[in-house]
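A short worksheet on the structure shown next.
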Amino acid sequence: MAKIIRTERLPELYKAIASLKTEKECQQFFEDLCSEAELSAMEQRFQVAELLLQDKVYLDILLETKASTSTISRVKRMVTGGTGCVKRVIQSINTEEKQEG
């Protein structure tokens, strides 16, 4: 695998993402921008984060998502010690779903 050289962030990308209005528009944007493998990896990591926040154990997460233990560990570090954004988003989604249901 090629080593990724980190450069400065591209603020225009994040502005573009923030400008998306609907779930469908988001889906189309990422389908245009990312490969199928990149999308699958992001979706899998998000699903792992959701399950970790539900206090699921590694084996259950592995069986449900097919994520490697290293991916699960990486996501757990992000969920417990990252910026907290993914955790806040997942909690917000769960709160909205409870209020709608």
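The values are calculated or read from the model by the stated rules, or taken from the named source; none is laboratory data. Because the structure is predicted, anything quoted here is derived from the model rather than measured. Here the Cβ positions follow ideal geometry from the backbone for every residue, glycine too, while neighbour counts run over all protein chains shown. These accessible areas exclude ligands, DNA and RNA; they are computed on the full protein's heavy atoms, side chains included. Shrake-Rupley method; radii C 1.70, N 1.55, O 1.52, S 1.80 Å.
Of the numbered criteria (1) assigned to a loop (DSSP other than H, G, I, E, B); (2) of a type in the set (D, E, K, R); (3) closer than 19 Å to ARG74 by Cα, the one ARG9 fails is (3).
For (1) open to solvent by 70 Å² or more (accessible area, probe 1.4 Å); (2) assigned to a helix (DSSP H, G or I); (3) in contact (Cβ under 8 Å) with a residue 24 or more places away in the chain, each residue gets a yes or a no:
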residue: ILE17; (1), (2), (3): no, yes, no
residue: MET42; (1), (2), (3): yes, yes, no
residue: LEU59; (1), (2), (3): yes, yes, no
residue: GLU64; (1), (2), (3): yes, yes, no
residue: ILE72; (1), (2), (3): no, yes, yes
residue: LYS76; (1), (2), (3): yes, yes, yes
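Tell me, which residue of segment 19-30 that is out of contact with any helix residue (DSSP H, G or I) (no Cβ under 6 Å at 6 or more places or on another chain) and assigned to a loop (DSSP other than H, G, I, E, B) is most open to solvent (accessible area, probe 1.4 Å)? Top of the filtered list is LYS21.
Could you grab me the full set of residues in segment 83-101 that are in a helix (DSSP H, G or I) and surrounded by 12 or more Cβ atoms within 10 Å (Cβ to Cβ)? Give the derivation first.
Applying the first criterion (in a helix (DSSP H, G or I)) to segment 83-101 yields 85-100.
VAL86, LYS87, VAL89, ILE90, GLN91, ASN94 - these are the residues of segment 83-101 that are in a helix (DSSP H, G or I) and surrounded by 12 or more Cβ atoms within 10 Å (Cβ to Cβ).
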